[in-house]
Structures are given as C-alpha cells and as structure tokens.
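Heads up: the structure comes next, in structure tokens.
We did not get these values from a lab; they are worked out from the coordinates using the rules stated. Every value quoted in this text rests on a predicted model; they were computed, and no experiment measured them. Please note: Cβ atoms are built from the backbone with ideal geometry, for glycine as well, and neighbour counts cover all protein chains shown.
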Amino acid sequence: MKGRELLDALETALRLKDVTRHCYTAGGRRESVAEHSWSAALTAYFIKGEFPGVDMDKVIKMCLIHDLGEAFTGDIPSFEKSDADEKTEERLLAEWVRTLPPELRAELTALYSEMEEKKTPEARIYKAIDGFDAVIQHNLSDISTWISKEYELNKTYAEDRCGDSAFLKELRREMRADTEKKIADAQEK
C-alpha cells in the first residue's frame, strides 16, 4: 500500500473515532464505534488460548473491521436497525472497499463474506464477541444510561451466539450475573 492510499483509507476508517454508539462508557460518555471495535479485538486477543486450532488472528481482524460500514451510516442499535439500513451500510462499505489496493480489497472482501456466512469457527466467535461487547459495556456503564428495554435485553442479548462452546456459554452466564446484580443494586437504591 502506498503512503497516499494508506492515508486516504485511514481518513475514512478513522471517522469511527467520532461515530458514537448507543452504549456509554464507565466514565459516563458515549462510546465510539472505534472503541467498541478495539474492545472486541482485545477480547479476541485475551481469549486466544480458549480456542486452540482456531485462527484467532483472523478473529481479531474481523473484530477490527466489522463496523467499518458505520463510517458512512453512523451506528444504529441492533434493536432499531432495519434490513434497509443493513443493505445501505453494506453497499456503501462495498463501494469503499473497491477503492482500496487489490490485495487489501481481496482480503477484506473475503473476510466480510466469511463474516456474513457465519459458517467458520472464526466468524462465529467474532459474532459472539461483537454481541458480548455490548452487554459488557452496558454492565460497566451507569444504569441510568440504559433504556427500559435493556433491562431484559442485557440478560439475553447474544446468548444465541455461544454455539457449543463451553467457554462462551460460561462467559455469557457471568455477564448475565453481572447484569442481574446491577439491576438488583439499582432497585435497592
């Protein structure tokens, strides 16, 4: 990749630093999409040892790139995102990917295809981590930032992404316990 190509690609991708999500940080400000992607990638790195035989470096890449389309559309919470929103994001992302150098374009296209199909262990683990990160972030944020539907949603969101992984199931149980404790503590106040 030439210097100008890199700078042009980064100019677009780094918009995610300013695109805020529905989630709040523990410090009380809106989380950026870039922070979410970093958190997901860090989670994948931390759990590498739980998945021998899985290309966790690929999972880390998936976590880093999975929301690049939001540089064009902004973040729409999963419980509000329509099929039309999804198609618009996919179209704009594909248009941008086509502007990248051939080797990068090929790798990103292959990764996005694999992520969409969710047939590989890597794609399924990335998808679980993506959902888990939202739950973890909610559990870390002040409960006053939650909307009413999140009290129930945070108990079950992404539970269906655990597959047959004992580790992911146990992690999701721990997240649910944190959610239930947070709600109980808030009700006591």
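For the stretch 7-55, the set of residues classified as touching a strand residue (DSSP E or B) at 6+ places or on another chain (Cβ under 9 Å) and of a type in the set (S, T, N, Q) consists of 20, 25, 32, 39, listed by residue number. So residue 120 ticks every box in (1) in contact with a helix residue (DSSP H, G or I) (Cβ under 6 Å, 6 or more places away or on another chain); (2) under 19 Å from residue 77 (Cβ atoms); (3) of a type outside the set (Gly, Ala, Ser) but one. Which box is left unticked? Status for residue 120: all satisfied but (2). Restricting attention to the stretch 166-189, the residues being in contact (Cβ under 8 Å) with a residue 40 or more places away in the chain and either in contact with a Cys (Cβ under 7 Å, 6 or more places away or on another chain) or of a type in the set (Gly, Ala, Ser) (or both) number 3. Could you look through the stretch 1-40, keep only residues that are of a type in the set (A, V, I, L, M, F, W, C) and not in a helix (DSSP H, G or I), and pick out the one that is farthest from residue 125 (Cα to Cα)? This residue is 1.
Of the residues making up the stretch 1-27, those that are within 26 Å of residue 106 (Cβ to Cβ), of a type in the set (Lys, Arg) and surrounded by 14 or more Cβ atoms within 10 Å (Cβ to Cβ) number 1. If you go through the stretch 145-162 and keep only what is of a type in the set (Asp, Glu), under 15 Å from residue 187 (Cβ atoms) and touching a residue at least 12 places away in the same chain (Cβ under 8 Å), you end up with just 150.
Take the stretch 46-56 and flag every residue that is in a helix (DSSP H, G or I) and either crowded, with 17+ Cβ neighbours inside 10 Å or under 16 Å from the mean Cα position of the chain (by Cα) (or both).
The answer is 46, 56.
Of the set (1) surrounded by 14 or more Cβ atoms within 10 Å (Cβ to Cβ); (2) over 23 Å from residue 112 (Cβ atoms); (3) in contact (Cβ under 8 Å) with a residue 40 or more places away in the chain; (4) not aromatic (Phe, Trp, Tyr), all apply to residue 30 but (3). Whenever a residue of the stretch 38-57 is more than 17 Å from residue 172 (Cα to Cα), its partners that are among the aliphatic types (A, V, I, L, M) and not in a helix (DSSP H, G or I), lying with C-beta atoms within less than 8 angstrom and at least six residues away or across chains, give the pairs 56/47.
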